[in-house]
Amino acid sequence: MKLGFYLRLAIDGMRKNSRLYVPYLLTCSGMVTIFYILGGLSHTQVINTMRGGDTIAMVLMLGCIVLAVFSAIFLFYANSFLVRRRNKEFGLYNILGMNKVNISRILVIETTLTALVSLIVGLAVGLLLSKLAELILVRMAGEISGYSFWIDPSSLIATVIVFGMIFALLLLVSLARISLSKPLDLLRSEATGEKPPKANFLFALAGLLILGAAYYMALSIETPLAAIGVFFTAVLMVIIATYLLFVAGSVALCRLLQKNKKYYYRPEHFVSVSSMVFRMKRNGAGLASICVLATMVLVMLSSTSCLYFGGEGHIRGNYPYDIMLRVHYADASECNDRSLSEISAAALKEAEGREKNVVSYSIYLTDGLLTDGVIDVNGVDRKKNAELVLNNVRSVGIISLADYNRIAGTNETLSENEALVWSSDKPYSAKTIAFDGCETVKNVRTVKKLPFKISTRQTIVTLLVVVVPDWEEFTGEITRYIDKLNDDTEHSLIDGTYEQYVCFDLSGTDENSQIEMARRVEQSVASTTSVGFLWRAADSFAENKSEFFGMYGALFFLGIALSIVFIAAAALIIYYKQLSEGYEDQGRFCIMQKVGMTGREIKKTVESQVLTVFFAPLILAGLHLAFAFPFVNKMLNIIASSDPVLLTVTNLSCFLLFSLFYIFVYRQTARAYYNIVSDMDVNRQ
């Protein structure tokens, strides 16, 4: 046989199955488009010259890897559905005289055509949209982009190689399936029934228990550190529970519906429930996959949008002043009023009179476990009790009463055994505060608000600020105890640091001027002071804002791009699920029409069947998102300070938008299902 004959058969087969191939080609092309755009953006000169451009490029490259892996997995699923739908056609070719080599040639041509169309269309659209994507990303990062058009040859080559390999693997798997199958099996593949699975209430109960345990973990976690420890465990438990509930629980649900006579013995429910029972095992796995994909989309979009839109508040929490000078000392001997005065003068000299809201203070920083008003800084004990660390660890900053009064403009007094305590989280509740191994115990007077803004970038745990009258004596006692603990161990597990801060805002300066001033302040402190510090660093709000929006703008952009892919994948799974079930039910509905079932009753039955199972993944995904809220909120606090109100708004907004999309897909797929099983469509066959 000539090549043209196989080509004609391949094209004719794809054309006759356009209802299956068109969505598949569109999805493949879309994945190629997004892969090229992500790869191209990671190499473009505009991104590489931005502040934080290296981080943006790294995030986009990680997105390419995730997209490549997901594309391979998902396209294997979609391709297996296409080949399965063509089994009867290939079996007929085999009966009419074609051997498996001839059929394999048709598959090779079809896969080649699919790959070429996907790559050509995908790359063409990618090239057209690449500049728009660059403008959007650069705008998200707070920068300005030019309008020059660019083509990245390395991304073009990488896209062709990656998707060429995926299509090659798809072809090998399809050829293996054809070579191992028998002609009669291919002809009977669509007529092969599935035994109705038994309702496994034990597995359904296990799914409920596992899901309940995962929800409890999410709700009971108190600190961000604890969230890190159980994140992957909780995610795995939710995925396992979702599949158990949809595979075993859906069968149990159908059995319960059959026992409900008022519901089951109605025309629109009787046929739909009966047909679902026969394929619910396979149906349940597809619904679980849709639910997992929907949850991934909702969590990814809501969290990245919360990070991005809440960025300004987060940066101000970490960098509350325009310029923040931090000087680190080896011990208390150099960290005194003289050195603070000297570095303040050197820093403010560079401000040239434009400074305002000036704050300077000395602080001793350490961390430990808070239990009943006692801070345990013993790193050996901490290592042995990991659970206690996750829930009780605190960062502690100790400042002098003199610095506090100078900053606040007050005349606060404290006795030798008193201290003021402020907490960055809920108010400090204990009546005293002390350090384990130290004799000094302070009676606490709680401070609701500090007279100055303090950076929270030092720690992801609760910060306690302790104001004492005898700063040198109190911190010296803690330092001696920590040194003793470190001497008694092989490795230094505990640390306490002496630092000084000089912070101020600026008037009449733009962001570039602030960044340049921070560099001048750092150089001035190093060159004009005689202070014996270990190191110094000057940060500006403007520079960190630029880096933050570069990083999280890229994450938000990546979240949108991957969400588009995941949504398209979920839609295609739903579409193929409906088509496959439509073709399976076509004969049944034809028989039902012959015995008197009307078109209106068919439509009601279709709506009943679709509604019974179609919205279950959306409802459960919404439930996953709701119970994951406190968990996600604490995880975001590790990356950046999270705003619960903003996270609530983004969660609700994302769920609403996804629900609207889901309803649209429902209407389209229900219409496709009805067209297949309806009288008109049957008569065409």
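The values are calculated or read from the model by the stated rules, or taken from the named source; none is laboratory data. What you see is a predicted model, and the numbers here were worked out from it, not measured in a lab. Heads up, the Cβs are rebuilt from the backbone with ideal geometry, glycines too, and the neighbour counts pull from every protein chain shown.
When you scan region 496-518, do you find a residue that is at pLDDT below 85 and on the phi > 0 side of the Ramachandran plot, even just one? The answer is yes, given that some residue of region 496-518 is at pLDDT below 85 and on the phi > 0 side of the Ramachandran plot. Out of the residues in region 423-446 that are in contact with a helix residue (DSSP H, G or I) (Cβ under 9 Å, 6 or more places away or on another chain) and not basic (Lys, Arg), state the one that is surrounded by the fewest Cβ atoms within 10 Å (Cβ to Cβ). Going through the qualifying residues, I end up with GLU439.
If the condition is being free of Cβ contacts under 8 Å to residues at least 60 places away in the same chain and aliphatic (A, V, I, L, M), then region 4-25 contributes only VAL22. When the helices (runs of 4 or more DSSP H) confined to region 152-257 are screened for residues that are within 25 Å of GLU89 (Cα to Cα) and modelled with pLDDT of 85 or more, those reaching at least 3 such residues are found at 153-180.
Beta carbons closer than 7 Å, at least 6 apart along the sequence or on distinct chains, pair a first residue in region 533-545 that is in contact (Cβ under 8 Å) with a residue 40 or more places away in the chain with a second that is in a loop (DSSP other than H, G, I, E, B) and among the aliphatic types (A, V, I, L, M) for LEU534/ALA330.
Being over 35 Å from the mean Cα position of the chain (by Cα) and outside any helix (DSSP H, G or I) is a property that does not hold for GLU350. Within region 442-454, residues that are touching a residue at least 12 places away in the same chain (Cβ under 8 Å) and in a strand (DSSP E or B) reach partners that are surrounded by 16 or more Cβ atoms within 10 Å (Cβ to Cβ) and among the small types (Gly, Ala, Ser) with beta carbons closer than 9 Å, at six or more positions or on different chains, in the pairs LYS442/ALA419; LYS442/ALA434; ASN443/ALA419; VAL444/GLY373; VAL444/ALA419; ARG445/ALA419; THR446/SER423.
Examine region 600-616 for a residue that is modelled with pLDDT of 75 or more, within 29 Å of the chain's Cα centre (by Cα) and closer than 30 Å to GLY212 by Cβ, and state whether such a residue exists. Looking for residues that are modelled with pLDDT of 75 or more, within 29 Å of the chain's Cα centre (by Cα) and closer than 30 Å to GLY212 by Cβ, one finds at least one in region 600-616, hence yes. The helices (runs of 4 or more DSSP H) located wholly in region 1-82 that include 3 or more residues which are in the same structural domain as ALA133 (by TED's automatic domain parsing), at pLDDT 80 or above and surrounded by fewer than 23 Cβ atoms within 10 Å (Cβ to Cβ) occupy 3-16, 18-43. Taking the criterion of being surrounded by fewer than 20 Cβ atoms within 10 Å (Cβ to Cβ) and part of a helix (DSSP H, G or I), would at least one residue in region 529-536 satisfy it? Within region 529-536 (the criterion being surrounded by fewer than 20 Cβ atoms within 10 Å (Cβ to Cβ) and part of a helix (DSSP H, G or I)), the answer is no, since none of the residues qualifies.
Among the criteria (1) touching a Ser or Thr at 6+ places or on another chain (Cβ under 8 Å); (2) at pLDDT 85 or above; (3) surrounded by fewer than 19 Cβ atoms within 10 Å (Cβ to Cβ); (4) more than 26 Å from PHE309 (Cβ to Cβ), the one LEU620 does not fulfil is (3).
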